[in-house]
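Asks: Attaching a single structure in structure tokens format; questions to follow.
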Amino acid sequence: MKTLGYLSYALLACLPFSEAHPGMGEQMAEMRRVANKIQRRQSKELIGDLATLADSKLTSIGKDIKAILLDQQNAESSTIDASIPAGAIGSAACKADLCCHWKWLAYEMTAKFNGTSGRCSKFARQAVRLGFHDAGVWSRDSGYGGADGSILLSNEMSRADNNGLAAIADQTNKWYTKYNQYGLSMADIIQFGANVATVVCPLGPRIRSFVGRKDNTKAGPTGLLPGEKDSADVLIKLFQAKTIDPHDLVALVGAHTTSQQHFVNTARDGDPQDTTPGIWDVAFYPQTTNNPPVRVLKFQSDINLSKDSRTSPEWAEFSGSGGQNHWNEDYSVAYTRLSLLGVNNINDLKECTKVLPARRSSFVSEDQKVLDMWLAGQFNQLNNMVDDAIQLTGVTTGT
Ligand code: HEM
């Protein structure tokens with residue numbers, strides 16, 4: 001550990017050199033990133049059963065997840081099983097194959113999350129938020145809650161925290177009714193949905209997807225989800241109590257890049273948090289600190305995080321060149337941790353990443369002209385269309 005610490009200081013010591021040699025800027029930024037990562041690794045905390053299990057007891061999945069949680073391994077994967085499912089839904093052949101029903105479900109989710117515009121739909125965005133709101137109801141002190149399906153198996157949906165999640169809740173309940181009889185838990189369906197949604201959003205990472213979480217019908221504790229007016233200090237402490245450090249918090253809130261709010265300001269229903277809703281790009285970070293077009297509605301909580309000295313350096317890193325790959329990598333590691341909060345059988349989980357759809361590493365927004373006019377405050381009636389990720393080119397608007 002000490003060696004790593006010295007190495008990071010040595011790397012940091014090189015930094016002023018880049019100012020005298022402008023060509024070295026990118027290399028220095030990368031060195032700074034590596035140095036920061038080395039420092040972060042030293043404070044990473046293990047969770048669930050991984051916190052107590054000896055290395056000799058770990059399964060290969062347990063070892064991989066441990067390495068991801070310690071920030072020693074990437075959480076993205078491009079391994080795809082392109083074969084047809086082992087059998088029809090409910091067939092003996094499908095039941096005999098661990099990921100067969102997950103594959104059918106991935107097909108259904110992909111269809112629901114993909115908009116005709118190529119952007120991801122409101123169901124996708126809500127699925128990512130649903131994953132957060134199920135898993136995030138946990139803290140080191142709570143003793144219960146977390147990624148246990150309770151957001152849909154108990155009365156948690158009646159809490160104001162969960163306003164805006166009704167459509168994905170209805171849809172996920174339908175998927176649960178169809179697939180739970182084949183052994184798919186609500187907790188897993190929710191987290192799998194978040195990962196399918198993330199990769200369906202253009203530019204989104206393909207996050208390794210583990211299954212085997214246990215369901216819980218008991219509502220999780222209250223007061224553990226953030227509010228959009230919270231100070232950076234409140235947010236940082238709230239997430240630290242979930243073992244999520246300030247760096248990972250900055251990576252996670254980047255999910256607002258896809259967002260279109262409904263309840264923060266109801267008079268501005270459908271207004272996005274950056275100029276590219278439904279796209280998993282990094283535009284959200286610089287636009288939170290700058291002056292985006294009028295329709296972009298910034299959350300005070302995001303502004304607060306962009307300014308605090310504990311979170312602003314990472315905010316700037318994601319905003320800069322190379323920010324997309326850096327963010328995808330860091331988001332994937334941070335989301336893997338989030339998706340396992342409160343899970344105490346991590347070592348026994350299995351992996352079905354191979355059934356996720358492929359990621360899209362580029363995207364052309366063909367309706368950008370209309371979108372730009374909408375972002376400039378025109379065409380109010382387009383809100384729901386953008387929200388549903390419908391191709392806008394050729395839409396007869398009239399104001
Ligand atoms: C700093 C803490 C956070 C706060 C205060 C916050 C707050 C909010 C609020 C108020 C909304 C708008 C809901 C609406 O009006 O419809 C929202 C949307 C969203 N949040 Fe967060 N959030 C936070 C962190 C996160 C994290 C960690 C994730 C995921 C990992 C996430 C994912 C999303 C997504 C995807 C949406 C868009 C939903 C949609 O478009 O329907 N948020 N968040």
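Asks: Consider Leu338 carefully, then state whether it is modelled with pLDDT of 95 or more, assigned by TED's automatic domain parsing to the domain that holds Leu252 and among the hydrophobic types (A, V, I, L, M, F, W, C). Quick ask: steps written out before the conclusion?
Replies: Working: modelled with pLDDT of 95 or more: yes; assigned by TED's automatic domain parsing to the domain that holds Leu252: yes; among the hydrophobic types (A, V, I, L, M, F, W, C): yes.
When the stated conditions are applied, Leu338 passes them.
Asks: Does Gly183 qualify as being within 16 Å of the ligand (Cβ to nearest atom) and either open to solvent by less than 30 Å² (accessible area, probe 1.4 Å) or among the small types (Gly, Ala, Ser) (or both)? Before you say what the answer is, go through the steps one by one.
Replies: On the way: within 16 Å of the ligand (Cβ to nearest atom): no; either open to solvent by less than 30 Å² (accessible area, probe 1.4 Å) or among the small types (Gly, Ala, Ser) (or both): yes.
Criteria not met by Gly183.
Asks: Okay, moving on. Anything in the range 297-327 that is open to solvent by less than 60 Å² (accessible area, probe 1.4 Å) and more than 13 Å from the ligand (Cβ to nearest atom)? List them, or say none.
Replies: Restricting attention to the range 297-327, the residues satisfying the condition of being open to solvent by less than 60 Å² (accessible area, probe 1.4 Å) are 297, 299, 301-306, 308, 311-312, 314-315, 317-320, 322-324, 326-327.
Ser312, Glu314, Glu317, Phe318, Ser319, Gly320, Gly322, Gly323, Gln324, His326, listed by residue number.
Asks: Of all residues in the range 102-144, which are over 16 Å from the mean Cα position of the chain (by Cα) and small (Gly, Ala, Ser)?
Replies: Answer for the range 102-144, where residues must be over 16 Å from the mean Cα position of the chain (by Cα) and small (Gly, Ala, Ser): Ala106, Ala111, Gly115, Ser117, Gly118, Ser139, Ser142, Gly143.
Asks: Of (1) within 16 Å of the ligand (Cβ to nearest atom); (2) buried (at least 16 other Cβ atoms within 10 Å of the Cβ), Ala160 satisfies all except one. Which?
Replies: Answer for Ala160: the failing condition is (2).
Asks: Just to be sure I understand the filter: pairs with C-beta atoms under 9 Å, separated by 6 or more residues or on different chains, first member in the range 288-313 and farther than 10 Å from Leu235 by Cβ and β-branched (Val, Ile, Thr), second member away from the ligand (no atom under 16 Å from the Cβ) and open to solvent by 20 Å² or more (accessible area, probe 1.4 Å). Which pairs pass?
Replies: What qualifies is Thr288/Ser319; Thr289/Ala316; Thr289/Ser319; Val294/Ala376; Val294/Gly377.
Asks: A further question on this structure: Please pick out the residue among Ser332, Ser301, Ser339 that is within 14 Å of Pro246 (Cα to Cα) and small (Gly, Ala, Ser).
Replies: Details: Ser332 fails: within 14 Å of Pro246 (Cα to Cα); Ser339 fails: within 14 Å of Pro246 (Cα to Cα).
Of the residues listed, the single one that is within 14 Å of Pro246 (Cα to Cα) and small (Gly, Ala, Ser) is Ser301.
Asks: If you don't mind, another one. For Ala54, are the conditions met, namely being open to solvent by less than 60 Å² (accessible area, probe 1.4 Å), at negative phi and over 20 Å from the mean Cα position of the chain (by Cα)? Give the steps one after another, and end with the answer.
Replies: On the way: open to solvent by less than 60 Å² (accessible area, probe 1.4 Å): yes; at negative phi: yes; over 20 Å from the mean Cα position of the chain (by Cα): yes.
Here the answer is yes, as Ala54 does meet what is asked.
Asks: Restricting to the range 62-83, and then to whatever is in contact (Cβ under 8 Å) with a residue 60 or more places away in the chain and open to solvent by 30 Å² or more (accessible area, probe 1.4 Å), can you tell me which residue is nearest to Asn328 (Cα to Cα)?
Replies: Here is the first cut: in the range 62-83, the residues in contact (Cβ under 8 Å) with a residue 60 or more places away in the chain are 62, 64-65, 68-69, 71, 74-81.
Pick out the ones that are also open to solvent by 30 Å² or more (accessible area, probe 1.4 Å) and you get 64, 74, 76, 78-81.
On the way: Asp64: 18, Asn74: 10, Glu76: 8, Ser78: 13, Thr79: 17, Ile80: 18, Asp81: 22 Å.
Going through the qualifying residues, I end up with Glu76.
Asks: Can you say whether Asp215 is more than 12 Å from the ligand (Cβ to nearest atom), in a loop (DSSP other than H, G, I, E, B) and touching a residue at least 60 places away in the same chain (Cβ under 8 Å), as far as the supplied structure shows? Explain how you work it out, then say what you get.
Replies: Details: more than 12 Å from the ligand (Cβ to nearest atom): yes; in a loop (DSSP other than H, G, I, E, B): yes; touching a residue at least 60 places away in the same chain (Cβ under 8 Å): yes.
Yes, satisfied.
Asks: Mind telling me which of the residues Leu152, Leu130, Leu105, Leu98 ends up being in contact with a strand residue (DSSP E or B) (Cβ under 7 Å, 6 or more places away or on another chain) and either open to solvent by less than 10 Å² (accessible area, probe 1.4 Å) or more than 22 Å from Val253 (Cα to Cα) (or both)?
Replies: Numbers: Leu152 fails: in contact with a strand residue (DSSP E or B) (Cβ under 7 Å, 6 or more places away or on another chain); Leu130 fails: in contact with a strand residue (DSSP E or B) (Cβ under 7 Å, 6 or more places away or on another chain); Leu105 fails: in contact with a strand residue (DSSP E or B) (Cβ under 7 Å, 6 or more places away or on another chain).
Testing whether each residue is in contact with a strand residue (DSSP E or B) (Cβ under 7 Å, 6 or more places away or on another chain) and either open to solvent by less than 10 Å² (accessible area, probe 1.4 Å) or more than 22 Å from Val253 (Cα to Cα) (or both) leaves just Leu98.
Asks: Another question about this same structure. Among (1) closer than 28 Å to Gly323 by Cβ; (2) in contact with an Asp or Glu (Cβ under 9 Å, 6 or more places away or on another chain); (3) open to solvent by 10 Å² or more (accessible area, probe 1.4 Å); (4) not in a loop (DSSP other than H, G, I, E, B), which single condition is Lys178 missing?
Replies: If we test Lys178 against (1) closer than 28 Å to Gly323 by Cβ; (2) in contact with an Asp or Glu (Cβ under 9 Å, 6 or more places away or on another chain); (3) open to solvent by 10 Å² or more (accessible area, probe 1.4 Å); (4) not in a loop (DSSP other than H, G, I, E, B), just (1) comes out false.
Asks: Determine, yes or no, whether Thr59 is out of contact with any Leu (no Cβ under 6 Å at 6 or more places or on another chain), open to solvent by 30 Å² or more (accessible area, probe 1.4 Å), among the β-branched types (Val, Ile, Thr) and under 22 Å from Asn344 (Cα atoms).
Replies: Yes, satisfied.
Asks: Just checking, which of Gln27, Gln39 is in a helix (DSSP H, G or I) and either modelled with pLDDT of 95 or more or within 21 Å of Val333 (Cβ to Cβ) (or both)? Give the derivation first.
Replies: Working: Gln27 fails: either modelled with pLDDT of 95 or more or within 21 Å of Val333 (Cβ to Cβ) (or both).
Exactly one of Gln27, Gln39 is in a helix (DSSP H, G or I) and either modelled with pLDDT of 95 or more or within 21 Å of Val333 (Cβ to Cβ) (or both), namely Gln39.
Asks: Restricting attention to the range 255-296, report how many residues are part of a helix (DSSP H, G or I), more than 8 Å from the ligand (Cβ to nearest atom) and either out of contact with any Cys (no Cβ under 9 Å at 6 or more places or on another chain) or not assigned by TED's automatic domain parsing to the domain that holds Val199 (or both). Before the answer, list the steps.
Replies: Just the residues of the range 255-296 that are part of a helix (DSSP H, G or I), to begin with: 255-258, 266-268, 284-289.
In the following step, the residues that additionally are more than 8 Å from the ligand (Cβ to nearest atom) were identified as 257, 266-268, 284-289.
Retained after the next criterion (residues that are either out of contact with any Cys (no Cβ under 9 Å at 6 or more places or on another chain) or not assigned by TED's automatic domain parsing to the domain that holds Val199 (or both)): 266-268, 284-289.
Adding up the residues that qualify gives 9.
Asks: Please identify the pairs in which a residue from the range 237-256 that is open to solvent by less than 10 Å² (accessible area, probe 1.4 Å) has its Cβ atom under 7 Å from the Cβ atom of a residue that is at pLDDT below 95 and near the ligand (Cβ under 9 Å from one of its atoms), counting only partners at least 6 apart or on another chain.
Replies: none
The values are calculated or read from the model by the stated rules, or taken from the named source; none is laboratory data. Here the structure is a predicted model, which means the values were calculated and not measured. Methodologically, a virtual Cβ is constructed for each residue, glycine included, from the backbone with ideal geometry; neighbour enumeration extends over all protein chains shown. Accessible surface areas use protein heavy atoms only, side chains included; no ligands, DNA or RNA. Shrake-Rupley method; radii C 1.70, N 1.55, O 1.52, S 1.80 Å.
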